[in-house]
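Please read the structure below before turning to the comments.
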Amino acid sequence: MILQGTVHKYSKANIDTDVIIPGPYLKIHDHDELATHAMEGIDPEFTKKVSDGDFLLVGNNFGCGSSREHAPIALSKSGIRAILSPSFARIFYRNAIDGGYLLPIEIDENILDQIDDKDKIEINLENHTIKDMTKDNKIYDIKPFSKIISEIVEAGGLFNYNKT
Amino acid sequence: MGMTITEKILSHASNCNKVTPGDVVFANVNKVMIHDVSGPGVMKVFKELEKKGKPMGKIWNPDNVWISEDHFVPASDRVSADNVIQLTKWAQKNGIQKHFKYGFGQYGICHTLSHEEGLVLPGEVYVGGDSHTNTTGAMGAFAAGLGHTDIAYVLTHGKIWFKVPETLLFKLSGKRPAHLMAKDIILNIISDIGTDGANYKTMQFAGNVVDELEMEERLTLTNMTTEAGAKNGIIEPDTVTTEYLKHRTQQKFNLIKSDADAEFGEVFEYDCDKMEPSVAKPFSPENVVVVRELQNTEIDKAYIGSCTGAKLSDLRSAAKILKGRKVRVRTEVLPAAQSIYMKAIKEGLVTIFMESGAVIGPPTCGACCGAHMGVLGKGEICVSTTNRNFPGRMGHVESQTYLASPMVVAASAITGKITDPRDIQ
């Protein structure tokens, strides 16, 4: 799988689910409506900046806090296809994978300083690399998915995964 | 090499003789919880699947599923009211009997009901559609929070995948001073390991201090493991556990414990003699300092509520300090369940709170997650018995929350400043 898009960078660590989709919106279950509030706690202009297929580049422990699946749903429906971070909080990570909403991709911490906001990049899940097309096609490695995660991703979510 | 209690529970649940950290297992689940936020989310997953030609089918075991109404009760608006109606219809259609409804006798915060009603037993695998499901691990169960898709999967398949977590063991020893609560201890631990210090891992608590803690205080330790990123928090069951459950369930259960030669990822030793009442400053539960460093910090509100800090033991601790004194700032007390509210009335705690000037509210998660029932305004500062203090968590994004024990919150309510309970005259 090869994906291309623009990077939206928020390098702060510990961006939590209250920031990604604040508590008052938990009662909303319409996916399109949730998308209009994505990242409202950190950038009220976020949804205006994102185009379909774009990527987030964020600090470590992204998605910590609550188990609300609203978080990956809101990001996915606002156009985000993959998130690059040194680490993810566990429930956010499995919600993103099992629900088939978007791809949480682990990177080395130093990549956070190399790739800038608005860079155009290519993510190659076959050879586990990122190419920064804005910066002379510089190549970085990404951490491959574990066996079960890549199988669930390939199946398109947990409900399509039959190897139990 | 032996197994930890968490590894043993997951190995039994997945019919494996032995599991080691890193193994991926499909574990059979004993109990499932959904509430008025995750429930409609799960129903939405089923609706989307149906659109794709995959009808939901039957629930694997309706008797092992229970529902609480806690986040948006009393209904904050029409959307919340509609969610509860939708949830009720779905529960009836799917034959779920254990539905703790607001305004129909016992109800309350899901994590409180799980122990107060004896819904989860030692040795069981329990998953809930809420991150603080970890709380119930204090009963000696494997308890973990999951999202909507995973809960939908468990409801229809009776099992779910887990990567077997490595266990971090926290040994709490020494003589715990009377003013030091479980909340102070867990805040100090989170301060040391950080909010991702236990990410994907188990936090297990042991040592003489844990042995001597009453069940509700133990539940504060496991509740806050979520704030260190833990998959689950757990305490081996003992006589405190069996005594606690004696009047709450007739069902038999197994007291699973770690093997003597179990392997832990890391062991942390804490001497509680030297630990002091502490608070987590905005905007992270790891941002911990001793209370006396902040004693001139003025506050606008003192909040005693939530699954973390409104159990009966929490209310008793707060009442001891508030008895015969008046609050100087807005103070709210919301017992975590109807049964706890009733016990607080019978013990005279509610009278103490009201005579101090505090307002008593119905059990709800509302203010803890900044949703309704007393949210903070711009610039307001709150000292709270809850579990999170992220930006905007309890209201306006420019409000501030300090996390503390019920004793610290009660002492602060009296002075109007963040106060160590030892400094109350």
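Observations on the structure shown:
- Subset tally (residues that are more than 10 Å from chain A (Cβ to nearest Cβ), of a type outside the set (Gly, Ala, Ser) and in contact with a Ser or Thr (Cβ under 8 Å, 6 or more places away or on another chain)) for the stretch B:135-163: 4
- So residue B:91, is it in contact with a His (Cβ under 8 Å, 6 or more places away or on another chain), more than 26 Å from residue B:201 (Cα to Cα) and not assigned by TED's automatic domain parsing to the domain that holds residue B:305: yes
- Within the stretch B:31-49, if we keep just the residues that are touching a residue at least 60 places away in the same chain (Cβ under 8 Å) and under 19 Å from the mean Cα position of the chain (by Cα), the residue that is surrounded by the fewest Cβ atoms within 10 Å (Cβ to Cβ) turns out to be B:31.
- Any hit, the stretch B:249-263, residues being of a type outside the set (Lys, Arg), within 14 Å of chain A (Cβ to nearest Cβ) and outside any loop (DSSP other than H, G, I, E, B): no
- The criterion of being within 14 Å of another protein chain (Cβ to nearest Cβ) and β-branched (Val, Ile, Thr) holds for residue B:34.
- Elements of the type strands (runs of 3 or more DSSP E) sitting completely within the stretch A:103-152 and holding at least 1 residues that are within 14 Å of another protein chain (Cβ to nearest Cβ) and in contact with a Lys or Arg (Cβ under 7 Å, 6 or more places away or on another chain): these cover A:103-106.
- For the stretch B:164-185, the criterion of being free of Cβ contacts under 8 Å to residues at least 60 places away in the same chain and facing another protein chain (nearest Cβ under 10 Å) is met by none of the residues.
- With respect to the stated conditions, residue B:310 fails to be surrounded by 22 or more Cβ atoms within 10 Å (Cβ to Cβ), under 26 Å from residue B:109 (Cα atoms) and without any contact (Cβ under 8 Å) to a residue 60 or more places away in the chain.
- Subset of the stretch B:313-339 [surrounded by fewer than 24 Cβ atoms within 10 Å (Cβ to Cβ), hydrophobic (A, V, I, L, M, F, W, C) and under 24 Å from residue B:213 (Cα atoms)]: B:319, B:321
- Meets criteria (in contact (Cβ under 8 Å) with a residue 24 or more places away in the chain, closer than 24 Å to residue B:7 by Cβ and surrounded by fewer than 20 Cβ atoms within 10 Å (Cβ to Cβ)) for residue B:159: yes
- Considering residues of the stretch B:51-69 that are more than 16 Å from residue B:96 (Cβ to Cβ) and away from chain A (no Cβ under 11 Å) only, the residue surrounded by the fewest Cβ atoms within 10 Å (Cβ to Cβ): B:53
- Flag for residue A:75 being more than 13 Å from chain B (Cβ to nearest Cβ) and either over 25 Å from residue B:395 (Cα atoms) or over 16 Å from the mean Cα position of the chain (by Cα) (or both): no
- Members of the stretch B:195-223 found to be more than 14 Å from chain A (Cβ to nearest Cβ) and part of a loop (DSSP other than H, G, I, E, B), listed by number: B:207, B:213, B:214
- Qualifying residue in the stretch B:360-374 (condition: more than 14 Å from every other protein chain (Cβ to nearest Cβ) and buried (at least 24 other Cβ atoms within 10 Å of the Cβ)): yes
- Out of B:207, B:229, B:194, one residue alone is closer than 25 Å to residue B:309 by Cβ, buried (at least 24 other Cβ atoms within 10 Å of the Cβ) and either among the basic types (Lys, Arg) or outside the structural domain of residue B:402 (by TED's automatic domain parsing) (or both). It is B:229.
- Checked against the criteria, residue B:249 does not count as within 30 Å of residue B:54 (Cα to Cα), modelled with pLDDT of 95 or more and out of contact with any strand residue (DSSP E or B) (no Cβ under 7 Å at 6 or more places or on another chain).
The values are calculated or read from the model by the stated rules, or taken from the named source; none is laboratory data. Bear in mind the structure is a predicted one, so any value in this text is a computation, not a measurement. Note that we place each Cβ from the backbone using ideal geometry, even for glycine, and neighbour counts take in every protein chain shown.
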